[in-house]
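Only one structure is covered here, and it is reproduced in the block below.
A short reminder: the numbers here are calculations on the coordinates, not readings from a lab. The model shown is predicted, which means the values in this text are computed figures rather than measured ones. All Cβ positions, glycine included, derive from the backbone under ideal geometry; neighbour counts span all protein chains shown.
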Amino acid sequence: MTALVEVDGLTLEVGGTGTVVVNNVSLSLAPGEVLGIVGESGSGKTLLARAVIGLEPPAIRRTAGTIRFEGQDIATLTPKAMRALRGSRIGMVFQEPMTSLNPSMTIGRQLEEGLVLHRAGDAAQRRAAILDMLRRIGIADPEAALVAYPHQFSGGMRQRIMLASVMLLKPALLIADEPTTALDAVVQREVLELMLELTRDHGTAVLMISHDLSMVARYTDRVVVMCRGDLIEQNDTAEILARPQQPYTRQLLNAMPHRSPAREVPEGAPIVAVRGLVVDYPGKQGTKRALHGIDLSVQPREVVAVVGGSGSGKTTLGRAIAGLLKPSAGEILFAGRAIAKSDESWRAYRLNCQMVFQDPYASLDPRMTIGQLIGEALRVVPDLTRAQKAARILEGLDEVGLEKKFADRYPHELSGGQRQRVAIARAVVRRPSFVIADEPVSALDVTVRAQVLALFLELQQRHGFSCLFISHDLGVVEQVADRVVVMQQGRIIEQGDRDQIFDHPQADYTRVLLSAIPALEAVSGGGVQLKWRFDAPPLASS
Amino acid sequence: MKRRRLNAVIGIVLIGALLIVAILGMIWTPYDPLGISFGARLKPPSPAHWLGTDEFGRDVMSRLMKGAATSVRISCFTVAVALTIGTALGIFTGFVRGWTDRVIMAFTNALLAFPGILLALALLTVVGANEYGIILALGIAYTPSVARVVRGTVLSLREKEYIEAARVMGNSELFIMARHILPNCIGPLIVLGTSMFGWVLLAESALSFLGLGVPPPAPTWGNMLASGRPFMVQAVWLGLFPGICISLTLLGINLLGDVLRDRFDPRMRGL
């Protein structure tokens with residue numbers, strides 16, 4: 001069988017410095033095959049894929065190896081021949097649906113662009129092909145979509161349209177670089193299944209790049225694991241999962257969230273409670289109600305997870321409870337007392353309620369050292385001498401596993417995981433009794449995510465603070481939560497103990513959410529078995 | 001990185017030279033910068049007069065040295081006035097928003113609608129054409145653009161998660177402005193301030209040209225350039241040397257501005 005793509009001993013370096021970013025990688029892809037490339041940031045997976053289509057950044061130099069596409073060495077192709085290949089034979093879907101479509105062009109014109117360039121046929125034929133494709137990807141009114149602009153569609157719809165524009169040309173190879181990372185789990189699954197359906201119909205091979213091993217495992221025949229430019233392991237997907245050969249692969253598998261044993265949460269008066277919370281966002285087309293009267297309580301030492309897709313209002317809820325948003329109605333009770341911004345109750349609440357944000361790059365002031373950042377949390381704590389403060393800062397660093405020397409560094413000198421550790425240290429250094437964590441680990445790499453999550457839980461146990469854990473990732477929630485609250489469109493649709501929600505969900509929406517994530521079961525041989533809930537078997541293996 | 005280092009050295013040398021000349025010019029000049037000598041009118045550069053003489057026989061080098069102090073003083077104070085008022089207004093309006101913001105911004109927008117030089121002219125007729133008048137007039141004329149830049153920066157900064165984080169920690173709005181917002185505005189402010197230094201030098205020349213600058217016979221680079229214009233054909237040095245002085249100063253200021261901006265940004269340190 002001739003391979004569609006044949007990469008042989010490919011080595012890529014950063015020009016000038018000579019840093020090797022892809023090291024002697026060989027792999028092949030058969031026509032119609034679905035191959036996953038899994039790796040964390042810096043593994044070289046994206047550069048490898050971009051090299052296949054000849055779109056590596058200018059600073060990257062190929063120092064060894066060849067890439068053959070349909071038997072042709074792409075290094076020997078003229079720029080013109082390469083352009084003819086792109087789009088026509090090799091299509092690519094990018095990560096960010098919000099920016100990969102041109103906001104100032106109608107959907108119809110963007111879809112037509114590729115057809116005009118690469119395919120014969122007149123305007124009427126193109127229109128027919130486009131309408132047909134829009135119908136295929138589930139656009140309700142294709143005629144209207146032709147003259148609509150990208151901003152009129154949701155992220156998931158845009159990614160479908162992106163997919164349509166690529167698949168219109170029926171390429172032999174589709175490169176999908178983290179195609180659904182920016183989408184929530186349910187939409188992610190819909191887009192991926194659409195992608196596989198379309199590619200299977202046209203016999204298109206897929207190179208799927210992702211950091212998410214369980215997602216790749218669900219949809220691919222074969223998986224390549226990469227780490228720091230090296231190809232660690234490649235094998236059939238089932239084989240990799242069941243019998244990983246390399247320690248790094250095993251580490252990746254272990255980093256996938258798994259259910260921890262249920263804990264006893266002592267009964268008691270709730271530390272934080274909200275009653276009838278309503279939040280409205282003023283907008284040009286009248287106010288938009290983001291929360292429709294939320295009732296929620298958190299017991300001492302309890303971790304309550306709020307889950308839901310994008311637009312469910314979970315982040316708004318967190319921000320309102322943190323006092324960053326003014327609710328239109330309803331009240332927040334701290335230790336049984338309603339808080340009001342005007343009096344002493346607010347101050348007590350402020351001292352006891354802290355927050356960890358999602359993006360470790362945006363939540364630390366770039367102009368302050370780590371020591372100053374953590375120290376800022378202690379600024380409003382009464383009766384603390386300078387020496388005590390300094391000691392508390394170092395203690396805080398130590399607690400999150402960072403050495404003393406980090407106190408004098410700036411955020412940009414730290415990795416994403418280290419930054420999130422700093423953010424956690426800043427939140428807990430004041431010993432709050434309640435912490436709101438808004439997607440605290442979703443911006444992190446898989447193995448780092450597992451470490452940071454473990455650290456967060458350990459601190460939660462040690463200091464016994466209650467936690468409102470907001471996340472779209474049910475895998476993570478399954479690992480950390482005592483109780484789960486499911487939200488949809490600004491309302492709580494189901495809540496209960498974790499095991500009850502995960503094993504016996506009542507609401508349909510909860511089932512849909514759960515069907516997007518696997519349940520892990522360890523098997524002998526150091527591997528895991530993925531089980532999909534409430535669902536037919538995954539498409540790729542059918 | 002070598003190139004940046006070189007830029008920094010050039011900037012520092014140029015500005016250093018300027019300051020030395022300006023200070024020296026206040027104490028000593030080769031000739032009296034105001035001393036008229038009709039026997040030596042429009043003489044080209046020579047060992048006696050290194051940079052030649054002007055239409056009244058005054059030594060160009062002495063006048064340039066004396067003028068350096070005036071020009072630099074005017075530019076520095078004007079930039080300082082514009083940056084201070086503009087930053088205060090920008091941070092205040094950007095952070096408070098609401099009605100205060102709308103009223104103040106409407107006013108600055110109205111000011112912006114006038115060309116800066118026209119506004120300065122109008123103000124000068126009120127405050128009088130002298131050094132302080134120029135500083136005040138130009139300072140006010142350039143305030144709106146500073147306010148707008150700062151307000152824009154503040155508006156984008158206030159949505160940042162680290163500002164929200166500071167709020168969750170219980171810090172007052174005043175503290176957040178001083179500790180988080182202001183330091184993060186410094187980058188754009190330095191860039192704006194250094195380019196404004198150039199605009200002010202030029203605006204001062206333009207005002208002198210219109211007869212509303214520092215009144216003659218006191219020399220500034222601007223009025224030297226202006227008064228040399230009728231003689232450009234016979235005595236090119238009259239326009240050339242003040243022009244070179246202005247250009248080199250602008251170059252030095254801009255290079256120095258880049259250095260300062262990087263210095264103030266921890267992300268750029270150690271590069």
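Considering amide H positions built from the backbone, and no H for Pro or chain starts, which residues 5 or more places from A:VAL21, or on another chain, come under 5 Å of its amide H?
A:LEU12, A:GLU13, A:VAL14
Just how large is the dipole of the protein assembly as shown about the Cα centre, in debye to the nearest 20, putting +1 at every Lys and Arg Cβ and -1 at every Asp and Glu Cβ? Each step should come with its number before you reach the end.
Details: 83 positive and 74 negative charges, 435 e Å.
That gives the protein assembly as shown a dipole magnitude of about 2100 debye.
Quick test of the membrane-span-like rule: which DSSP H helices of chain B reach at least 18 Å along their long axis (C-alpha atoms) with mean Kyte hydropathy at least 1.0?
Length and hydropathy pass: B:2-27, B:60-96, B:131-157, B:182-209, B:237-264.
Only bridges whose two residues both fall in chain A count here: according to DSSP, what percent of them are antiparallel, nearest 5? Intermediate results must be reported in sequence, preceding the final value.
Working: 48 of 86 bridges.
Here the antiparallel bridges make up roughly 55 percent for chain A.
Using the Cα centre of the range A:272-504 as the reference point, and only Cβ charges (+1 on K/R, -1 on D/E), how large is the resulting charge dipole? Debye, rounded to the nearest 20.
Charge dipole, the range A:272-504, about its Cα centre: 860 debye, nearest 20.
At a 10 Å Cβ-Cβ cut-off, how would you order A:LYS341, A:LYS80, A:LYS170, fewest neighbours first?
Fewest-to-most ranking of A:LYS341, A:LYS80, A:LYS170: A:LYS80, A:LYS341, A:LYS170.
How far apart, in nanometres, would the label points at A:GLU458 and A:ALA124 be if each is projected 7 angstrom from Cα along the Cα-to-Cβ direction?
It is 7.1 nm.
Filter chain A for me: DSSP H helices, axial length by Cα at least 30 angstrom, mean Kyte-Doolittle hydropathy not below 1.0. List them by residue number.
none
Under the Karplus relation 6.51 cos²θ - 1.76 cosθ + 1.60, θ = phi - 60°, what is the ordered set of whole-Hz ³J(HN,Hα) values for the range A:80-91, x standing for Gly and Pro?
Working through the residues one at a time gives 5, 5, 5, 5, 5, 6, 5, x, 6, 9, 10, x Hz.
Report the FRET efficiency, 1/(1 + (r/R0)^6), for A:GLN152 and A:ARG511, where r is their Cβ-Cβ distance and R0 is 22 Å, rounded to 0.05.
The computed FRET efficiency comes out at 0.15.
Can you compute 3J(HN,Hα) from phi for each residue in the range A:281-297, using the Karplus curve 6.51 cos²θ - 1.76 cosθ + 1.60 with θ = phi - 60°, rounded to whole Hz and x for Gly and Pro?
For the range A:281-297, the Karplus curve yields 9, x, x, 5, 9, x, 6, 10, 7, 8, 10, 9, x, 9, 10, 7, 9 Hz.
Counting only residues 5 or more places away or on other chains, whose amide H sits under 5 Å from the amide H of A:GLN354 once H atoms are built in the peptide plane?
Placed amide hydrogens put A:PHE434, A:VAL435, A:ILE436 under 5 Å from A:GLN354.
Obtain the nm distance between the two label points defined at B:VAL191 and A:ASP295 by a simple spin-label model: each point lies 7 Å from its Cα along the Cα-to-C-beta direction.
Each label point lies 7 Å from its Cα, and together they span 5.3 nm.
Quantify how much of the Cα-Cα distance distribution of chain A extends past 47 Å, in percent.
Summing the P(r) of chain A above 47 Å gives 17 percent of all pairs.
Loop-only check: which trypsin sites (Lys or Arg not before Pro) in the range A:241-294 are DSSP coil with at most 10 other Cβ within 10 angstrom?
The qualifying sites are A:LYS284.
Which is farthest toward the positive dipole end of the range A:6-83 among A:GLN72, A:PRO57, A:GLY9, measuring Cα position about the Cα centre, with Cβ charges +1 (Lys, Arg) and -1 (Asp, Glu)?
A:PRO57
Only Lys, Arg, Asp and Glu count, each charged at its Cβ (+1, +1, -1, -1), so figure out the dipole size of the range A:215-254 about its Cα centre, rounded to 20 debye.
About 140 debye.
Percent of Cα-Cα pairs per 5 Å bin, from 0 to the last occupied bin, for chain B, please list those.
Percent of Cα pairs in each bin: 1, 6, 11, 14, 14, 14, 12, 10, 7, 5, 3, 2, 1, 0, 0, 0.
Which three semi-axes in whole Å describe the equivalent ellipsoid of the range A:159-306, each the square root of 5 times a Cα gyration tensor eigenvalue, listed largest first?
On the way: eigenvalues 307, 153, 25 Å².
In descending order, the three semi-axes are 39, 28, 11 Å.
Please report the relative contact order for the range A:272-504, taking Cα pairs under 8 Å with a sequence separation of at least 6, and give it as a percent rounded to a whole number.
30 percent
Compute the distance in nm between two label points, each set 7 Å from the Cα along the Cα-to-Cβ direction, one at A:LYS284 and one at B:GLN234.
Going by the 7 Å Cα→Cβ label model, 6.5 nm.
Mind checking the mean number of beta-carbon atoms from other chains within 10 Å of the Cβ atoms in A:356-369?
The shielding value for this peptide is 5.
What's the extension gain from A:LYS531 to A:ALA340 if we count 0.36 nm per residue and subtract their Cα-Cα distance?
Full-extension gain reported as 64.0 nm.
May I have the count of lysine pairs in chain A with C-alpha atoms under 29 Å apart, counting pairs 8 or more residues apart or located on different chains?
For chain A, qualifying lysine pairs total 17.
Tell me the relative contact order for chain A as a rounded percent, counting alpha carbon contacts under 8 Å between residues six or more apart. Intermediate values should be presented prior to the final figure.
Values: 1064 pairs, mean separation 83.6, N = 542.
15 percent.
Under 5 Å between amide H atoms, partner at least 5 residues away or on a different chain: which partners does A:ILE60 have, H built in plane at 1.01 Å?
So A:ILE60 has HN proximity to A:GLY15.
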